[in-house]
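Trainee: One structure follows; several queries about it will come next.
Bear in mind that the values in this text are calculations on the coordinates, not laboratory data. Keep in mind that what you see is a predicted model, and the values were worked out from it rather than measured. Positions of Cβ are backbone-derived with ideal geometry, glycine not excepted, and every protein chain shown enters the neighbour counts.
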Amino acid sequence: MSHASTPERHPAAPVHPGLALAGFVGITFVAAALGAIASVDAREFYGGLTRPAWAPPAALFGPVWTVLYALMAVAAWLVWRERGWVRGRGALGLFLVQLAFNAAWSWLFFALHRGGWAFACIVVLLALIAATLAAFARIQRVAAALLVPYLLWVAFATALNWSVWRNNPLLS
């Protein structure tokens, strides 16, 4: 009597932490690159808008975002190191969704000149960042702390988006 054999299950090969970090940096900077493509004319466009007195100069955005994206990648990597993909999927899933909203905002604001839609997007982004930070905090406190500057910057950007949208009627 023969028994049907089931294939032996082998656990997935472990991913080297350095390779995983490179992956998180890659994913994060792909989102950054997508936003940068939409923002190719951002300096001219932003310079031509009526901005509040507290608006930072356009030259500040690139360096700030570079640091924030790096912090975001390390934060996600720390969560992955603690829980892996399977046990960390909720928190890491939130991370990926907020990355998508992050990239979408640049397209709405800079490429499509849709201030209202961009504002709605950034409000959702802000909520997603807060949710991601909370999820990360339950897993790895340093990862959550690394997202605090991002949350604060996007909160500031939300107020700036609102002000610029309201003061520039052509940004429908």
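Trainee: Report the relative contact order of the stretch 94-156, percent, no decimals, based on alpha-carbon pairs under 8 angstrom and at least 6 residues apart.
Mentor: The value is 31 percent.
Trainee: Take every Cα pair under 8 Å in the chain that's 6+ residues apart, average their separations, divide by the length, and report that relative contact order as a whole percent.
Mentor: This gives 28 percent for the chain.
Trainee: Quote to one decimal, in nm, the extra length available between Phe61 and Arg141 on full extension: 0.36 nm per residue of separation minus the C-alpha distance between them.
Mentor: 26.1 nm
Trainee: Something else about it: May I ask for the percentage of alpha-carbon pairs in the chain that lie more than 29 Å from each other?
Mentor: 29 percent
Trainee: So, one more: Over the Cα atoms of the stretch 92-169, compute the convex hull volume and normalise it per residue, giving Å³.
Mentor: Output value, Cα hull per residue: 66 Å³.
Trainee: Further question: Between Leu160 and His16, 0.36 nm times their residue separation minus their Cα-Cα distance comes to what?
Mentor: 47.8 nm
Trainee: Starting from the Cα-Cα distance between Ala70 and Ala120, subtract it from 0.36 nm times their residue separation and give me the gain in nm to one decimal.
Mentor: Extending this stretch completely gives an extra 15.5 nm.
Trainee: Roughly how many nanometres apart are two label points built 7 Å out from the Cα toward the Cβ at Phe45 and Ala127?
Mentor: Spacing of the two 7 Å Cα→Cβ label points: 2.5 nm.
Trainee: Which FRET efficiency value, to the nearest 0.05, is calculated for Asn168 and Phe29 with the Förster distance at 25 angstrom and r the Cβ-Cβ distance?
Mentor: 0.25
Trainee: How much net charge surrounds Leu49 when only other residues with a Cβ under 15 Å from its Cβ are counted (Lys, Arg +1; Asp, Glu -1)?
Mentor: In short, +2.
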